[in-house]
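Visitor: Quick one: structure below, then a few questions.
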Amino acid sequence: SNIDLTNSFIEESNGHFAAIIQSSDDAIISKTLDGIITSWNNSAERIFGYNVQEMIGTHITRIVPVDRLEEEYNILNKLKKGERIDHFETKRITKDGKLLDISLSISPVKNSKGIVIGASKIARDITDHDAEVIDARGRMVIPGGVVPHTHLESSSGRTTTSDHFLSR
């Protein structure tokens with residue numbers, strides 16, 4: 001019957017959407033208007049370090065640095081009023097305390113009557129993990145410890161390049 005086909009299509013579509021969410025490179029998190037996490041995809045686990053069991057039912061501020069708490073409460077208040085949140089960059093914190101640069105997109109989630117009941121957040125880690133680091137002596141440290149080094153021999157005028165490992 002048509003009802004069976006429709007139900008089958010809906011189930012297949014829901015499974016397809018769930019697979020897309022789970023396989024995304026971006027963290028996809030849903031929360032209530034009170035900030036309680038209701039879904040947490042695989043990339044959220046990879047980026048923030050918390051597994052789904054640790055996060056479902058907890059408050060979103062678990063991953064918000066103390067100095068950004070006001071930002072999160074402003075987001076929740078805007079969502080409660082039905083306002084859209086424009087894409088922005090912010091900071092979030094991992095389970096092991098590492099501060100990440102995050103590109104955040106937030107969309108209201110509405111029920112079948114069009115009433116906002118929560119939010120969907122898409123977070124992308126934009127931290128430059130390969131950024132140069134300056135050590136205590138002011139020397140540039142390259143991730144992996146390899147620094148390309150060019151040496152000009154004064155007697156022959158020849159230039160040689162080699163890799164030197166920095167002591168850690």
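Visitor: Say the dipole of the range 65-104 comes from +1 at the beta carbon of Lys and Arg and -1 at that of Asp and Glu; which of Leu69, Thr94, Leu79 then lies farthest toward its positive end?
Guide: Of the listed residues, the answer is Leu79.
Visitor: At a Förster radius of 25 Å, what calculated FRET efficiency corresponds to the Cβ-Cβ distance of Glu12 and Asp128, to the nearest 0.05? All intermediate terms of the calculation are to be shown ahead of the outcome.
Guide: Working: r = 40 Å, r/R0 = 1.61.
The computed FRET efficiency comes out at 0.05.
Visitor: Related question: Mind jotting down the distance between the C-alpha centroids of the range 73-133 and the range 34-63, whole Å?
Guide: After rounding, the separation between the Cα centres reads 12 Å.
Visitor: Same structure, new question: Ranked from the most accessible area to the least, with a 1.4 Å probe and all protein chains present, what is the order of Ile117, Ile102? Don't skip to the answer; put the middle values down first.
Guide: On the way: Ile117 90, Ile102 0 Å².
From most exposed to least exposed: Ile117, Ile102.
Visitor: Taking 7 Å along the Cα-to-C-beta vector as the label spot, tell me the Lys95-Thr38 distance in nanometres, rounded to one decimal.
Guide: Once both label points are built, they end up 2.4 nm from each other.
Visitor: Applying 1/(1 + (r/R0)^6) with R0 = 30 Å to the Cβ-Cβ distance of Thr61 and Lys110, what FRET efficiency is obtained, to the nearest 0.05? All intermediate terms of the calculation are to be shown ahead of the outcome.
Guide: Numbers: r = 23 Å, r/R0 = 0.78.
That pair, Thr61 with Lys110, gives E of 0.80.
Visitor: Modelling each spin label as a point 7 Å along the Cα-to-Cβ direction, I'd like the Arg68/Ile117 distance in nm, to one decimal.
Guide: Spacing of the two 7 Å Cα→Cβ label points: 2.8 nm.
Visitor: Using heavy-atom solvent-accessible surface (probe 1.4 Å) with all chains present, what is the largest-first order of Val66, Val116?
Guide: On the way: Val66 125, Val116 25 Å².
Largest to smallest exposure gives the sequence Val66, Val116.
The values are calculated or read from the model by the stated rules, or taken from the named source; none is laboratory data. Just so it is clear, the structure is predicted and the values come from calculations on it, not from any experiment. Heads up, the Cβs are rebuilt from the backbone with ideal geometry, glycines too, and the neighbour counts pull from every protein chain shown. Ligands, DNA and RNA are excluded from the accessible area calculation, which covers all protein heavy atoms including side chains. Shrake-Rupley method; radii C 1.70, N 1.55, O 1.52, S 1.80 Å.
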